[in-house]
Every structure is written in C-alpha cells, then in structure tokens.
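The values are calculated or read from the model by the stated rules, or taken from the named source; none is laboratory data. All of these numbers come straight from a predicted model, not from anything done at the bench. Glycine also receives a Cβ, built like all others from the backbone with ideal geometry; neighbour counts cover every protein chain displayed. Quick note on the areas: whole protein, heavy atoms, side chains included, nothing else; ligands and nucleic acids left out. Shrake-Rupley method; radii C 1.70, N 1.55, O 1.52, S 1.80 Å.
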Amino acid sequence: MTLLGYQIPNFTYPDIPAEELFATIVAQAVEAEESGFDTVFVMDHFYQLPMIGTPDQEMIECYTLLSALAQHTSKVRLSALVTGNTYREPALLAKTVTGLDVVSGGRAQLGIGAGWFEHEHDALGFTFGTFTDRFERLEESLQIVLGMLRGERPSLDGKWYTVRDAINSPAPLSRIPVMIGGGGERKTLRMVAQYADESNLICAPEDIGRKLTALDEHCDRLGRDRSEITVSLQTYACIAPTHDQAVAEADAFIERTPQAAPRRAGMIVGDPDEVHARFEALKESGVDGFSVNLMANGHVPGRVSLLGETLAPIVT
C-alpha cells in the first residue's frame, strides 16, 4: 500500500510542446521510482480542475497513461488518485484495472471515489446526480468491481447497476489493493472500513485526528481489524535545493496559473530540511504515509528525485 506516492496532477508545463509532453511525464515517473516512491498516481479527469487551472488545459485519460507508464517503470505501483466512479460502468472499470495489472506485471492499484466535478460531467455527458446518488452508485460499484477483481462472478440487480455472473478473464496477476479517497466521516470512511485496503485522506492537518477516530469507530462497528487499513494523506509541495529557489518556483506557478492561488497557503514549500521537518510533523499526527504532488515544479528535472530522497526516510 501507499507509504510514499507521487501524484502527477498537471500536464501544462511552461516551454514544453505537446510532442514532448509524454516524455516529461515519463521522466517524473522514473525519477519517482528511482528515489523511493512506491506508487505513481495520475488524476482521473478529462478537464483540468478549477483549483489548478482552466478546463482547456491538457489532461490525458488516466488508464491510457498509466498503462503507458507501466512500460517505462518496473517497481512502482500505478493508480488513479482517484478513479471517478461516475465515468465508467463498474464491470468496465474492473476489466480496465485488471488490464493495467496484466500489462504492468502485477502493479495495479485501484483508487476510487464517488466523483465530484460537476462541470466536467455536464460538459461531457456523464450523469452527475445528487450527493446521495453518487455514493449509492459507488457502493454498488464496489460490490461488482471487488468481486470481479477477487476471482468471483458477481451478480447484482441494484438500483444503479446490473450485472449477471460477470466474468473477468484474464484474472489480475496480483491482489489489487483498493484505496478510497476523501475525508467524509459518515460515508467515505465507513466505505473504507467495509471495502478498502487504504484510505487516502483529504483534510487539513488539524483534522487528521478526528478522521482517524471516525475510521476506528467504523472498523469497530463493522468488525474490521483497523490494522489492515493503511492511511495516507494527500499533500502538495514545492521543493528545491534552496529555500529561495522553492519560493520562486511556487510563486512563478501561481503567476502563470492564478486559479491555483488559494492552494499556495497550503503548499509545503522549502529546501529539503524544511520539507522534511514539515512532513515529519504530519507523520506524527498518525497517518502511515503520503501522496504528494509537485504541481508547481514536478516537471523540473531533479525535483521529484529531491522530494523522494527527502521523504523516503520518514516512511521507511
């Protein structure tokens, strides 16, 4: 499971033309693998998120990209952070994740969530529905997908999905871990306790303790061994060899991407010593590991390696 995951959330890089885009992404994945990250994540979106950029910025379909990255890496797990359940029928999702596992030699991970980006759904024709609808759909989907990934032939005549003796052949090469993303204490963390191997928390540092308590309570009620669940925290950073370089690169990103300005306050920015200290403090709050993105400067050669070498000692 994820102790140190590297997320690539942004495919709009200054001075990098479209024909060099994939090579730039590959370079980040390879740096991540070689510097101590155990997982590489990409977003499952079709439009760039409003807190990072504009809808017309570059966004590559995630499972196509992950399967391609599998051919350039050999150790890291590969996953969406996280799959939007609303974008694919569950049987198709199970086949897609299994395909990733086969082409990667057993390195697929399923990160999944209920879906939330309404504009993307409306523009591209995906059914959005209400908050309740999306969580009902996620729970039905998990029953189908997990059955297919675990060698069963699930049948379900649900409110949202119907399958009959769903076959998944070839089977996954490994037991594909399941991670549910989000921080909702009533619905999301209950589903983590019931279905998942990992919780990827999205929350402020001061809320971590309350989220972990909620997860413990769900596990107690459902009879789940809490020690079976890994908890990672979603974070974003900007690291450079010196403090001044890191600040300059973070500020340059905000200048060219003003939509991301609200994220600047929560970004962990600094030299290796500063970044190490901030993440070490987060680790002491009770999480097992981190998923980290370098939205500001991940495309700069050496920055991913610097981050991995800085953070790996904290989680190993």
(message) On the basis of being within 15 Å of the chain's Cα centre (by Cα) and of a type in the set (D, E, K, R), does Asp101 make the cut?
(response) no
(message) Checking the condition in contact (Cβ under 8 Å) with a residue 12 or more places away in the chain and open to solvent by less than 20 Å² (accessible area, probe 1.4 Å), which residue from Ser199, Ser174 passes?
(response) Ser199
(request) Can you tell me which residue within segment 251-301, out of those that are part of a helix (DSSP H, G or I) and of a type in the set (Asp, Glu), is surrounded by the most Cβ atoms within 10 Å (Cβ to Cβ)? (result) Glu274
(request) Please state which one of Ile167, Ile180 is at negative phi, of a type in the set (Val, Ile, Thr) and more than 18 Å from the chain's Cα centre (by Cα). (result) Ile167
(request) With respect to Val231, determine if the residue is touching a residue at least 60 places away in the same chain (Cβ under 8 Å) and in contact with a strand residue (DSSP E or B) (Cβ under 6 Å, 6 or more places away or on another chain). (result) no
(message) From the list Phe279, Phe290, exactly one residue is modelled with pLDDT of 95 or more and under 20 Å from Gly113 (Cβ atoms). Which is it?
(response) Phe290
(message) Going by what's in this entry, would Ala250 be described as within 26 Å of Pro55 (Cα to Cα) and modelled with pLDDT of 95 or more?
(response) yes
(request) State which residue is farthest from Lys95 (Cα to Cα) when the search covers only segment 37-62 and only residues that are in contact with a Ser or Thr (Cβ under 8 Å, 6 or more places away or on another chain) and surrounded by fewer than 20 Cβ atoms within 10 Å (Cβ to Cβ). (result) Gln57
(message) Of all residues being open to solvent by 10 Å² or more (accessible area, probe 1.4 Å) and part of a loop (DSSP other than H, G, I, E, B) in segment 205-236, which is nearest to Asp288 (Cα to Cα)? Just the residue, please.
(response) Asp225
(request) Go through segment 143-153 and count every residue that is surrounded by fewer than 21 Cβ atoms within 10 Å (Cβ to Cβ) and of a type outside the set (S, T, N, Q). (result) 6
(message) Condition first: without any contact (Cβ under 8 Å) to a residue 40 or more places away in the chain and of a type outside the set (D, E, K, R). Now tell me which residues in segment 44-65 satisfy that.
(response) Gln48, Cys62, Tyr63, Thr64
(request) Considering only segment 86-141, state which residues are among the polar types (S, T, N, Q), farther than 22 Å from Ser199 by Cβ and either free of Cβ contacts under 8 Å to residues at least 40 places away in the same chain or open to solvent by 10 Å² or more (accessible area, probe 1.4 Å) (or both). (result) Thr96, Ser104, Thr127, Thr130
(message) Could you check segment 1-21 and list, in sequence order, the residues that are under 19 Å from the mean Cα position of the chain (by Cα) and more than 19 Å from Glu249 (Cα to Cα)?
(response) Met1, Thr2, Leu3, Leu4, Gly5
(message) Taking the conditions exactly as written (in contact with a Phe, Trp or Tyr (Cβ under 7 Å, 6 or more places away or on another chain) and aromatic (Phe, Trp, Tyr)), does Phe290 satisfy them or not?
(response) yes
